[in-house]
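To start, the structure itself, in structure tokens.
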Ligand SMILES: [Zn+2]
């Protein structure tokens, strides 16, 4: 064996050892339970939870968070609608945004948005308005042509 062969053999050997070491390291990588954070010591490598209790708790928490989020958004929409409706009843079609926010209006919660010419037009159910960074104006009630489905009932 010449020196070249020896170095070549040594390089291959080192690569094999390196590969083997990587393999050992990857065996030590155990997934962590998404709920409790404990290491999952058995089962498939893509397993996400250590037990059924953790899996159920994780998904129940997600459902709870989702419901809470929906409730908050619907509450904000309802509050916005009530404020806009009161403005329409008082024949006010423009108001400062700061004043509206003082009443509890949430400018980031809307049911639709579109750009009309250079204006940003928003709707809160059947009330539309134009909103700038400082002012809400052109508040109007629009008629909605709801066609949800043949057998749908609006309660
Ligand atoms: Zn767990």
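Here, each number is a calculation from the coordinates, and none is a lab measurement. Bear in mind the structure is a predicted one, so any value in this text is a computation, not a measurement. With ideal geometry, Cβ positions are generated from the backbone for all residues, glycine too; neighbour counts draw on all protein chains shown.
General observations
- Ranking of 131, 30 by count of other Cβ atoms within 10 Å, fewest first: 30, 131
- Value of Rg/Rh across the stretch 57-141 [Cα atoms, Kirkwood radius]: 1.08
- Taking 42, 129, 69, 122 and counting other C-beta atoms within 10 Å, the order from fewest to most: 42, 69, 122, 129
- Each part gets one Cα centre, and for the stretch 97-136 versus the stretch 47-73 those centres are 33 Å apart.
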